[in-house]
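Following: one structure in structure tokens, then a few remarks.
The values are calculated or read from the model by the stated rules, or taken from the named source; none is laboratory data. Model, not experiment: these values are computed from the prediction. Glycine gets a Cβ as well: all are built from the backbone with ideal geometry, and neighbour counts include every protein chain shown.
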Amino acid sequence: MSRETIVVGAGIVGVSVAWHLLQRGRKVLLIDRRPPGLETSFGNAGIIQREAVEPYAFPHDLKTLLRVLPNRSIDIRYRPTGMVAAASPLLSYYLNSFPGRYSKIVPEYASIISLSTQEHAPMIAASGAEPLIQKKGWLELYRTESELAQRWKEAQHNTRYGVESRLLDRAQLDEIQPGLSQEICGAIHWLNSWTVESPGDLVQSYARAFEAAGGEFLEAELKGLEQQGDGWKVSTSRGDHEAPEVVVALGPWSQQFLAPLNYNFPLFVKRGYHMHYRQPDVKARLDYWLMDAEKGYLLEPMKNGIRLTTGAELANLDAPPSYGQLDKAEKEGRKLFPFGGRVEEQPWKGARPCLPDMKPIIGPAPKHPGLWLAFGHGHQGFTLGPATGRLLGEMMDGEKTAIDMQPFRADRF
């Protein structure tokens, strides 16, 4: 007899959880206010980052802090109101980024990153999404030889976690990606990460595979969550829905949804922006995903054009957009590679759900049987969605998990 489960949130994490639970013989209802893959999952850089075994730490060095403080950087910007609102989790984030604590977080984080591409693979196959995927890696570019050398040293250190890379000098770089600014001296080529020409399309492909296999998706506004006897009731704009178990995978909106149940997770957001541009009317075309490492933005050759994605903006989730970070990134990006004009009228804005120890919450809710949590993936929700689906499915069915899940449990907070 199948067990009924409701998954709330149809981003990459929620869709992946729903797909895995369906594969396990459960009857699954997936609910979101919008069609799958149109929120945070839509606007990322489109990289399944197998190399990202070290989470983004809060900067401690004086040089970086002095650069960020004037609030004109491309990689990090902040709103004072957002900093105040998230003061407590940001302080914890800062403390967890000291070398002693951070060195313990990295192997835990690397354990789940190591599952990233291998867990996307069966979902890609099941959804017929192979045309969206490239497996030639991506390029991290440097202008300064010393910065490149330091980063290469770090890359070599991470081979212990299965990361594959190679160092490219300028001549080697020109062979695979011509047309770059002469300021670039070389790059690291991350070899076993995959790129996706339309992240939103990939999530929608996964969702269609879920529905084709018998899963149900409901587009409706979420009104509330209530424990009812031995199960749960999810109230929506299209009626109430009951199930023995519920999974909350609402990304940056997860804490807001859980607050009535007296949960107070230290969730904060790092917002980001993107815009698409036309390929240049010259012989050289952008063929590789590029990170301008010393400036802090990415360029990606996607289905809708060349996508430029910014770094992080520390701000309240619902604060109005501020496009200065994107404008500055566009100015620098045009120096790096001569892309064409803007495709859309308005930039896209999204929010990454972050936790102060840089690891997601995956597992049971501490105070409520039958309630499961999957959120807080920071910069790597797109990378970690399918791995999260597998691991949560193993936990919900009482099986031995592929990795130790203690570091990701909600009761650590």
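State the number of residues belonging to the range 355-409 that are in a loop (DSSP other than H, G, I, E, B), buried (at least 18 other Cβ atoms within 10 Å of the Cβ) and among the polar types (S, T, N, Q).
Qualifying residue count for the region: 0.
Does residue 48 fit the bill of being modelled with pLDDT under 95, closer than 27 Å to residue 306 by Cβ and in contact with a Phe, Trp or Tyr (Cβ under 6 Å, 6 or more places away or on another chain)?
When the stated conditions are applied, residue 48 does not pass them.
Just one of the numbered conditions (1) of a type in the set (A, V, I, L, M, F, W, C); (2) surrounded by fewer than 14 Cβ atoms within 10 Å (Cβ to Cβ); (3) under 15 Å from the mean Cα position of the chain (by Cα) is not true of residue 52; which one?
Among (1) of a type in the set (A, V, I, L, M, F, W, C); (2) surrounded by fewer than 14 Cβ atoms within 10 Å (Cβ to Cβ); (3) under 15 Å from the mean Cα position of the chain (by Cα), residue 52 violates only (2).
Which one of 101, 34, 67 is basic (Lys, Arg) and assigned to a loop (DSSP other than H, G, I, E, B)?
34
Does the range 272-282 include one or more residues that are of a type in the set (A, V, I, L, M, F, W, C) and either in contact with a His (Cβ under 6 Å, 6 or more places away or on another chain) or surrounded by fewer than 21 Cβ atoms within 10 Å (Cβ to Cβ) (or both)?
Yes, the range 272-282 contains at least one residue that is of a type in the set (A, V, I, L, M, F, W, C) and either in contact with a His (Cβ under 6 Å, 6 or more places away or on another chain) or surrounded by fewer than 21 Cβ atoms within 10 Å (Cβ to Cβ) (or both).
Residue by residue, here is whether (1) touching a residue at least 60 places away in the same chain (Cβ under 8 Å); (2) of a type outside the set (Gly, Ala, Ser) holds:
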{"residue": "16", "(1), (2)": "yes, no"}
{"residue": "20", "(1), (2)": "yes, yes"}
{"residue": "34", "(1), (2)": "yes, yes"}
{"residue": "38", "(1), (2)": "yes, yes"}
{"residue": "44", "(1), (2)": "yes, yes"}
{"residue": "53", "(1), (2)": "yes, yes"}
{"residue": "66", "(1), (2)": "no, yes"}
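Counting only residues that are polar (S, T, N, Q) and over 13 Å from residue 42 (Cβ atoms), how many does the range 189-204 have?
Residues flagged as polar (S, T, N, Q) and over 13 Å from residue 42 (Cβ atoms) within the range 189-204 amount to 3.
Taking the range 149-185 as the region of interest, how many residues are on the phi > 0 side of the Ramachandran plot and touching a Phe, Trp or Tyr at 6+ places or on another chain (Cβ under 8 Å)?
Here the count works out to 1.
Are there strands (runs of 3 or more DSSP E) fully within the range 235-336 with at least 1 residues that are more than 29 Å from residue 409 (Cβ to Cβ)? List them.
So the answer is 239-243, 268-277, 290-292, 297-302, 305-309, 312-314.
Determine whether the range 117-126 contains at least one residue that is in the same structural domain as residue 63 (by TED's automatic domain parsing), of a type outside the set (A, V, I, L, M, F, W, C) and either touching a residue at least 24 places away in the same chain (Cβ under 8 Å) or assigned to a loop (DSSP other than H, G, I, E, B) (or both).
no
With outside the structural domain of residue 395 (by TED's automatic domain parsing), at pLDDT 95 or above and not hydroxyl-bearing (Ser, Thr, Tyr) as the only criterion, which of 285, 208, 238, 271 stands out?
Exactly one residue qualifies, and that residue is 271.
Only one of these conditions is not met by residue 248: (1) assigned by TED's automatic domain parsing to the domain that holds residue 334; (2) within 22 Å of the chain's Cα centre (by Cα). Which number is it?
Here residue 248 clears every test but (1).
With respect to residue 318, determine if the residue is at negative phi and modelled with pLDDT under 95.
yes
Which members of the range 219-262 meet the condition of being farther than 30 Å from residue 322 by Cβ, in contact (Cβ under 8 Å) with a residue 12 or more places away in the chain and touching a Ser or Thr at 6+ places or on another chain (Cβ under 9 Å)?
Answer for the range 219-262, where residues must be farther than 30 Å from residue 322 by Cβ, in contact (Cβ under 8 Å) with a residue 12 or more places away in the chain and touching a Ser or Thr at 6+ places or on another chain (Cβ under 9 Å): 220, 223, 224, 225, 241, 243, 244, 245, 246, 247.
Being touching a Phe, Trp or Tyr at 6+ places or on another chain (Cβ under 7 Å) and modelled with pLDDT under 90 is the filter here, so list the residues in the range 61-81 that pass it.
Selection gives 71 alone.
Which of the residues spanning the range 77-105 are hydroxyl-bearing (Ser, Thr, Tyr) and more than 27 Å from residue 322 (Cα to Cα)?
Within the range 77-105, 97, 102, 103 meet the criteria.
I need every pair where a residue in the range 149-170 that is part of a loop (DSSP other than H, G, I, E, B) has its Cβ under 8 Å from the Cβ of a residue that is among the hydroxyl-bearing types (Ser, Thr, Tyr), sequence separation at least 6 or different chains.
Every condition considered, the pairs that remain are 162/114.
Taking only the range 111-148 into account, find how many residues are buried (at least 22 other Cβ atoms within 10 Å of the Cβ) and at positive phi.
1
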